[in-house]
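> Have a look at the structure that comes next, please.
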Amino acid sequence: MHDDTTSGRTCVSDTRCRAYDRLAKPPAAAPVTTTPLCDACLDHHRADIQALPVDYLDLAQLHETSLSQALRDRTTGSHESPLLIAGQVQALQAEIVHATTTWETEVRHAARLAAAEQAAPIADWHTTLRRPTPVGAGRPGHQVQRATGILTAHLHTLARLPATAVHPTGCEDPPEDMTGVDAIDHLTRLHGRARGILGRTSPRPWIPGDCPNTDCGARDADPAWADGGPLYRTTPRDFKDIPTVYCAACNTARSYTDYETYMTQFEWPAQVAA
C-alpha cells in the first residue's frame, strides 16, 4: 500500500483496485476517507457478496436430483454416485454458510445490531417467551440470505473491522487473524469458486513468459518476479476470437498475437497507439 500525498490514504487494493488508472500510473488507486477500500472496489465486492445466496442454491441443484431436469448418464437402478464432485460442492456450500454467518456476527457486534436470535419474532406457539425460536438455527440457505443482507447493507463497517481471530473456512480450521478487508476478499473468492464449479467461467491456463509492463508491481514485491509477474491467457468462447494474455500481478493485457511474437523474438512488440 502506498501513501497518497493528497489525502494520506489510498485503496488497499493498490494496483488491483477497480479505480486504478493504468494510463497515468498513479501511486495507488483513488483516495478514500472512510474505509480501506475505495467506492469502486466496494461496489464490485458488494455485487459478488449479494450473489452468494443464488450461488448456494445453484450449487444445491448440482447434487439434488429432484431439482434437476437434466438427462441422467447412468442406467436406472445404478447406485453409482459422483462422490468427488458432490464432496467439492458440499464443502463449498458449508464454507459459504460458515464464512457469511461468521462475519455477520462480527458486523452485528461492531454495528451494535441485535443478534439473529434476538431478532426472532415472539409468537403465541412458542414454548416460553424466554426461549423464542432462534433465526440462526434455520436452514443453511436462509442463513446465507440473512447474512449477506446484513453484510452488504453494512459493507463499510465490515471493511473497517480490525484483525479478529476467526476460523476462516470452518470450525475445524485453527484460529487465524483476519481483517474486514480479508473477509471481503474471501467472500468474493467464494463467489468466484462457485462460478467455476457451476461452469460459468472459462479456463485461464498459465503460460511461460514475464509481464510486458515495465512498471509491474511484482518486480518489487517478489524477487522471483524480477522480470515481471506470471502470465495467463483467456479461453475465448468463440473459436474465432483471439485469446488475451494477462499478468497475474498487475492485470496488464496484451493480445495473444503479441505474445507469439514475444515467444519467437524474446521481446514484446511495441504498443501501437490507437
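The values are calculated or read from the model by the stated rules, or taken from the named source; none is laboratory data. The model shown is predicted, which means the values in this text are computed figures rather than measured ones. All Cβ positions, even for glycine, are placed from backbone atoms using ideal geometry, and neighbour counts span all protein chains on display.
> Working only within region 238-256, note down all residues that are within 24 Å of the chain's Cα centre (by Cα) and in contact (Cβ under 8 Å) with a residue 12 or more places away in the chain.
The answer is Pro243, Thr244, Val245, Tyr246, Cys247, Ala248, Ala249, Cys250, Asn251, Thr252.
> Could you list all residues from region 194-211 that are assigned to a helix (DSSP H, G or I) and either β-branched (Val, Ile, Thr) or surrounded by 17 or more Cβ atoms within 10 Å (Cβ to Cβ) (or both)?
Ala194, Ile197 - these are the residues of region 194-211 that are assigned to a helix (DSSP H, G or I) and either β-branched (Val, Ile, Thr) or surrounded by 17 or more Cβ atoms within 10 Å (Cβ to Cβ) (or both).
> Ok, one more. Restricting the search to region 149-160, which residues are in a helix (DSSP H, G or I) and in contact (Cβ under 8 Å) with a residue 24 or more places away in the chain?
Selection gives Ile150, Leu151, Thr152, Leu155, His156, Thr157, Leu158, Ala159.
> Now, a different point. From Val181, Val166, grab the single residue that is among the β-branched types (Val, Ile, Thr), modelled with pLDDT of 90 or more and in contact with a Leu (Cβ under 8 Å, 6 or more places away or on another chain).
Val181
> Here's another thing I want to ask about it. Of the residues that sit in region 161-178 and are free of Cβ contacts under 8 Å to residues at least 40 places away in the same chain and over 16 Å from Ala94 (Cα atoms), which one is surrounded by the fewest Cβ atoms within 10 Å (Cβ to Cβ)? I'd like the intermediate steps shown before the answer.
If we filter region 161-178 for residues that are free of Cβ contacts under 8 Å to residues at least 40 places away in the same chain, which is where we start, we get 162-163, 165, 172-178.
Filter once more, keeping what is over 16 Å from Ala94 (Cα atoms): 162-163, 165, 174-178.
Numbers: Pro162: 9, Ala163: 12, Ala165: 9, Pro174: 7, Pro175: 10, Glu176: 13, Asp177: 11, Met178: 21.
My answer is Pro174.
> Moving on to the next point. Checking the condition at pLDDT below 90, over 17 Å from the mean Cα position of the chain (by Cα) and closer than 29 Å to Thr102 by Cβ, which residue from Thr6, Thr35 passes?
Thr35
> Could we say that Thr214 is surrounded by fewer than 16 Cβ atoms within 10 Å (Cβ to Cβ), modelled with pLDDT of 90 or more, out of contact with any Pro (no Cβ under 8 Å at 6 or more places or on another chain) and farther than 30 Å from Ala51 by Cα here?
Considered against the rule, which asks whether it is surrounded by fewer than 16 Cβ atoms within 10 Å (Cβ to Cβ), modelled with pLDDT of 90 or more, out of contact with any Pro (no Cβ under 8 Å at 6 or more places or on another chain) and farther than 30 Å from Ala51 by Cα, Thr214 comes out as no.
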